[in-house]
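*Asks:* Once you've had a glance at the structure underneath, I'll fire off some questions.
The values are calculated or read from the model by the stated rules, or taken from the named source; none is laboratory data. Nothing here was measured: the structure is a model prediction, and the numbers come from that model. Because the Cβ atoms are built from the backbone with ideal geometry, glycine has one as well, and the counts that use them run over all protein chains shown. What goes into the accessible areas is simple: the full protein's heavy atoms, side chains included, and nothing from ligands, DNA or RNA. Shrake-Rupley method; radii C 1.70, N 1.55, O 1.52, S 1.80 Å.
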Amino acid sequence: MIEDVFLPNNADFVSVQESFDTSTPFGKAMIGLLAVFAQLEREQIKERTKMGRVARAKSGLHHGGGYIPIGYNYENGKLIINPYEAEQVRKVYEWYLGGESLASITNKLHEAGYTNRYGSWSSWSSVRNVLSNETYTGQIHFGEVVVENAHEAIISKEQFKMVQLIHVKIQEKYGATAFQSKYLLTGLLFCGCCGARYYKRNTGKYSYYTCYSHSKQIKKMVKDPNCKNRNWKAEELEPVVEEKVRELLRSPEMATEIAVARKPQAPVPAKNIEIEKRIREIDRQIGKLMELYQRNDIPTEILGESINKLYNEKTALQASLEPVSVDNTVTLTFDLVQELIANAAQIWDFADESQKRRILQSLIRRITLRGDSIEIDWSF
């Protein structure tokens, strides 16, 4: 205030109790010296605080503060799993990988009556924060310091990476309006003749998916101004793609065939299929335990013991899965694909347009249109 307000307006600062008087050269010098030392002390406090937090992180201790991640309790500097909240976190990841949007996950949590230390799930931003927090993989991250296995993980690193990958794919397709797209196939369609994207346009009576090069609507989107690839009525194209997806959801074995066809030398081991069946059964048992807890039919200590036992079995099973070699173009691991398909199959027939769009974005890398041909490139 002295430098920015008083002095520019020819006002002096005089203190009755201290020897501060900016109307004299000595007083001005004193104020300047005090300001320098105050700034130095502030920087030293900041540096000591940072060093202390880095040291805590290196020793595997959480940095503390006012916010403790949902799913954990804070005890003696460590994050300890809260069984009831941790299962909610797992459901958030499961539903998101199953094609649910942030808003629909929030609604499902709220309608189920789930609560956490911060109240109910009334805002989708809480779901977004859970999906972007790497702490749930067992990591502590502070600045450039990363400590692995600092506490018990709630979700696997593969699940976390898959969620981030899906989010990036959506952002690449839609930018800031990733969750506001109105059309089922927007962002997935590409022209097989020139490589340009397809977009949806309304003519009044009908809606069409049209190649940007063909329509020449947006100059920067045109790949070949001479492209003559056909337009598709939305009411013709969308049902064809939906039926292909339904076929996949009705027959999980189809995913195995697609993966084997993509990489013949690396088929899915039969052992993995049986293990993944048991993993899905464990997930159903955990869901039933959560329902009992919601109805107050099971004590907290029994819930924690039962869920931890099931989750430990699930973790051991996941670790026993035989690795499957994939090429660099594959973005989804096969066990996650099967989990995603199982979840999506339960909701597809009841899903709204936005939920179906999320499922398509997760399962499909791109759809290539060439004449009357429709070629789907799956994400596995």
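*Asks:* So which of Lys157/Lys200; Lys244/Lys309; Lys91/Lys205; Lys244/Lys271; Lys220/Lys356 end up more than 31 Å apart, counting from Cα to Cα?
*Replies:* Among Lys157/Lys200; Lys244/Lys309; Lys91/Lys205; Lys244/Lys271; Lys220/Lys356, the Cα-Cα distance tops 31 Å for Lys157/Lys200; Lys244/Lys309; Lys91/Lys205.
*Asks:* Same structure again: How far, in nm, would the chain grow between Glu281 and Glu243 when pulled straight, counting 0.36 nm per residue and subtracting the alpha carbon separation?
*Replies:* 10.9 nm
*Asks:* Another question, if that's okay. Net charge near Pro69, counting Lys/Arg +1 and Asp/Glu -1 over other residues with Cβ under 13 Å of its Cβ?
*Replies:* Here the count lands on -1.
*Asks:* Something else now. Sort 192-201, 94-103 by packing, meaning the average of other beta carbons within 10 Å per residue, with the highest value first.
*Replies:* Put in order of decreasing packing, that is 94-103, 192-201.
*Asks:* Sticking with this structure for a sec: If you roll a 1.4 Å probe over the heavy atoms of the protein chains, what accessible area per residue do you get for region 192-256, in Å²? List each step's numbers first, then the result.
*Replies:* Values: 3770 Å² over 65 residues.
Computed with neighbouring chains in place, this is 58 Å² per residue.
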